[in-house]
Amino acid sequence: MENLSGGGLSHLFMAIFLHNFATFMVIPAITDVTMSALCPGRDECSIAIYLTGFQQAIVGLGTLVMMPLVGNLSDKCGRKALLTVPMILTIIPLGILGYSRSRTFFYVYFVAKTLTAMICEGSVHCLALAYVADNVAEERRASTFGVLSGIGSSAFVCGTLVTRFLSTSSTFQVATSVAVVAAMYLRIFLPDSNIDKKLSAPLLSDEKPKIADSDESSRAQILQPAKTLPSLHDLISLLKTSATFSQAAIVAFFSNLADVGLHASMMYYLKARFHFNKDQFADLMVISGVAGTISQLLLMPLLAPALGEERLLSIGLLFSCAHMFLYGVAWSFWVPYAAAMFSIFYVFAHPCMRSIVSKQVGPSEQGKAQGCISGICSFANVISPIAFSPLTALFLSEKAPFNFPGFSLICVGFAAMIAFIQSVMIRAVPPISSQRVSSHCTHTEP
């Protein structure tokens, strides 16, 4: 484990950095591309908002099924094999817009992005978390999860900063090239972290799996494909594992509900309200990303052992509420830049929540647990655009019942407040693996 924790994690971090760099650098440009394809020459476009919301709902519905499946498959077939799939699929939609951004190619991109995102959306991060959980001791997971999130934030900063100085066409071409490099780097350098010892060959290997146990029941369990898809009963069983796990699942749902609602609405809101374009979006994201990166790489490793994941989770969600409310009532163009600085605190929430979850299951269930939490987040991805996209389109149009363009963002902030209130109720409990070790020692005493 020591060798893997050094070389393996460094290669994982590099692959995640490259992948996130490619995916994040197109975010500032995609709003302008969508508006140009659907409503050229306009700063407000209800069709674009509804289409984006529809895409998020379909993707959320797909990932609701795929995330637990991907997580459970990674427990059996290895993290590397499952990480390869979304990294390769990510290349396709980026390449389409790298070739052309006309209306026809935009619709081709829209379909390709919707289909591939059902597998790619969140799965890379989910599997990376499971990889880290395989190879890092429980007492260091929160800080390591924070480092992983910091790597993502660093890629966010670098990607959006590069976008600031590129044309729109060059942005998608560079993103496609980096995505290809990320997939190749993963396949060449990352050592596998297959914790299922009964399966000695990864999914993408030419070797056949070697079954170490000759017991017939073990053989049937490995060869039965239906076992790779967790049932509703499996999800309920995980939620019943501990009250802490259930509370973390509630926090994950409402936190993701708010985050998806914010990101789906914010750029259309800023474009209509303050006429932001690709460059202003990139500036805003660089500020947010720099603050988040400093926090996750420097502050979180120091604060997590001192305060505990539960307190840091509450602090992160409190500032998440505050920055959403500030976006909603923004009265001048500089207010969103001030709100973006709050990321120095609200980035605590996600890695702390994932660390809490990882401590509530055993080593052989990390992929399943992280996959189920990602599935719950995906369910929020379905609900959020259905709730907030029509609200955003309504209050940005001339048919709004009253003049409050940021009303939908205020509603998003209340969803984050529910997550904050629930997080305050979470109490630290011994990790389930420690409980099992303690129980085993008790039963074996003479």
message: If DNA, RNA and ligands are ignored and the probe is 1.4 Å, what is the ranking of 319, 106, 13 by accessible area, most exposed first?
response: 319, 13, 106
query: Net charge near residue 301, counting Lys/Arg +1 and Asp/Glu -1 over other residues with Cβ under 13 Å of its Cβ?
result: 0
query: Expressed in nm to one decimal, what extension gain is obtained for the pair residue 140 and residue 237 from 0.36 nm per residue of sequence separation less their Cα-Cα distance?
result: 32.3 nm
query: Can you work out the FRET efficiency for the pair residue 414 and residue 184, with r the C-beta to C-beta distance and R0 = 25 Å, to the nearest 0.05?
result: 0.05
query: Probe 1.4 Å, all protein chains in place: accessible area of residue 36 in Å², nearest 10?
result: 80
field: Environment charge of residue 333, counting only residues whose C-beta is closer than 15 Å and scoring Lys/Arg +1, Asp/Glu -1
entry: -1
message: How far apart, in nanometres, would the label points at residue 104 and residue 277 be if each is projected 7 angstrom from Cα along the Cα-to-Cβ direction?
response: 2.7
query: Which entries in the list 240/359; 278/399; 240/368 go over 25 Å, if you measure between the two C-alpha atoms of each?
result: 278/399
message: Given a Förster distance of 30 Å, report the FRET efficiency between residue 334 and residue 397 from their Cβ-Cβ distance, rounded to the nearest 0.05.
response: 0.75
field: Shape of segment 294-414, Cα gyration tensor, a/c cut at 1.5
entry: oblate
message: Apply the a/c threshold of 1.5 to the C-alpha gyration tensor of segment 61-154 and tell me whether it is rounded, prolate or oblate.
response: prolate
Hull volume in cubic angstrom per residue (convex hull over the Cα atoms of segment 1-73): 106
- prompt: Å³ per residue of the Cα convex hull, for segment 91-200?
  reply: 124
- request: Take the alpha carbon atoms of segment 130-170, find their center, do the same for segment 1-80, and report the distance between the two centers in whole angstrom.
  value: 13
field: Hydrodynamic radius by Kirkwood, which averages 1/r over all alpha carbon pairs of segment 99-138, in angstrom
entry: 12.4
query: What trypsin sites (Lys or Arg not before Pro) in segment 293-399 are in a loop by DSSP, with at most 13 other Cβ atoms within 10 Å of the Cβ?
result: 399
task: Report the percentage of all Cα-Cα pairs in segment 1-129 whose separation exceeds 23 Å, rounded to a whole percent.
output: 40
- request: Determine the equivalent ellipsoid of segment 312-377 by diagonalising the alpha-carbon gyration tensor, then write out the semi-axes as square roots of 5 times the eigenvalues, largest first, rounded to whole Å.
  value: 32, 11, 8
task: Take the alpha carbon gyration tensor of segment 41-91, find the square roots of its eigenvalues, order them as a ≥ b ≥ c, and report rounded if a/c is under 1.5; if not, report prolate when a/b exceeds b/c, else oblate.
output: oblate
query: Given the protein chains as shown and a 1.4 Å probe, how many square angstrom of residue 273 are accessible, to the nearest 10?
result: 100
message: How much length would be gained if the chain were fully extended between residue 177 and residue 54, taking 0.36 nm per residue of separation minus their Cα-Cα distance, in nm to one decimal?
response: 41.4 nm
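The values are calculated or read from the model by the stated rules, or taken from the named source; none is laboratory data. In this text, all values refer to a predicted model and were calculated from it rather than measured experimentally. Because the Cβ atoms are built from the backbone with ideal geometry, glycine has one as well, and the counts that use them run over all protein chains shown. Keep in mind that these areas ignore ligands, DNA and RNA; they rest on the heavy atoms of the full protein, side chains included. Shrake-Rupley method; radii C 1.70, N 1.55, O 1.52, S 1.80 Å.
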